[in-house]
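**Q** First the structure, then my questions, so here it is.
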Amino acid sequence: MAKVVGVDADRLEQMLPLAEVGMKIEPIQLCAACYAESPCHKIEWQFKVTQGCDRHKLSLLSECPNCGAKVKIPSLWVDGFCQRCFLRFEEMIKYQKFLLSFS
């Protein structure tokens, strides 16, 4: 795998979650505040233990709060808006709930 992605095997291992941390394949989740700043998906958003965005202290979105379109493959969201209704990430932020604490 390291050869395919062009990353040293040791570095790749450091990037992956610990074996005891499960991953949610679906739904894809994202923090609209993070995506508004830089449309880069964070793998930790898919960890089963993740409660929300640790940077912004906001819940994650798995669908557009305006039209209900499910979040697709992260690369499809790089334009900065929902691909169905064109709601911008900056507007989605107000639909994310503020989280008081993380577990």
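Values quoted throughout were computed directly from the atomic coordinates according to the rules given, and no laboratory measurement underlies them. Small disclaimer: the values here were computed from a predicted structure and weren't measured. As a convention, Cβ positions derive from the backbone with ideal geometry for all residues, glycine included, and neighbour counts pool all protein chains shown.
**Q** Taking H placed 1.01 Å from N in the peptide plane, check which residues at least 5 places from Phe47 or on another chain put their amide H under 5 Å from its amide H.
**A** Counting only residues 5 or more places away or on other chains, the set is Lys24.
**Q** Between Ala9 and Arg84, what's the calculated FRET efficiency when r is the beta-carbon distance and R0 is 30 Å? Round to 0.05.
**A** Working: r = 39 Å, r/R0 = 1.32.
With R0 = 30 Å, the Cβ-Cβ based efficiency is 0.15.
**Q** Another question, then. Can you tell me, using C-alpha contacts under 8 Å and at least 6 residues apart, the relative contact order of the chain as a whole percent? The partial results should precede the final answer.
**A** Values: 137 pairs, mean separation 28.3, N = 103.
RCO, the chain: 27 percent.
**Q** Sort the following peptides by mean Cβ neighbour count (other Cβ atoms within 10 Å, averaged over residues), highest first: 92-100, 34-42.
**A** On the way: 92-100: 13.4, 34-42: 15.9.
The densest-packed peptide leads the list: 34-42, 92-100.
**Q** Additional query: Working out 0.36 nm times the residue gap between Val49 and Leu76, then minus their Cα-Cα distance, what length gain in nm do you get to one decimal? Don't skip to the answer; put the middle values down first.
**A** On the way: separation 27, 0.36 × 27 = 9.72 nm, distance 2.50 nm.
Fully extending the segment from Val49 to Leu76 adds 7.2 nm.
**Q** How long is the chain along each principal axis, judged by its Cα atoms, biggest number first, in Å?
**A** Principal extents (Cα only, largest first): 41, 31, 22 Å.
**Q** Using a Gaussian network for the chain with springs between C-alpha atoms less than 10 Å apart, which of these wobbles most: Glu44, Glu26, Glu13?
**A** Maximum among the listed residues: Glu13.
**Q** If pairing requires two Cys Cβ atoms under 4.7 Å apart, which cysteines of the chain are left without a partner?
**A** Lacking a cysteine Cβ partner under 4.7 Å: Cys40.
**Q** For Lys3, which aspartates and glutamates qualify as cross-link partners when the Cα separation must be under 17 Å and same-chain residues fewer than eight apart are set aside?
**A** The reachable aspartates and glutamates, counting only those whose Cα sits under 17 Å from Lys3, are Glu13.
**Q** Additional query: For Asp8, Asp54, what ranking results if the residue with the fewest other Cβ atoms within 10 Å of its Cβ goes first?
**A** Working: Asp8 10, Asp54 14.
The most exposed by this proxy come first: Asp8, Asp54.
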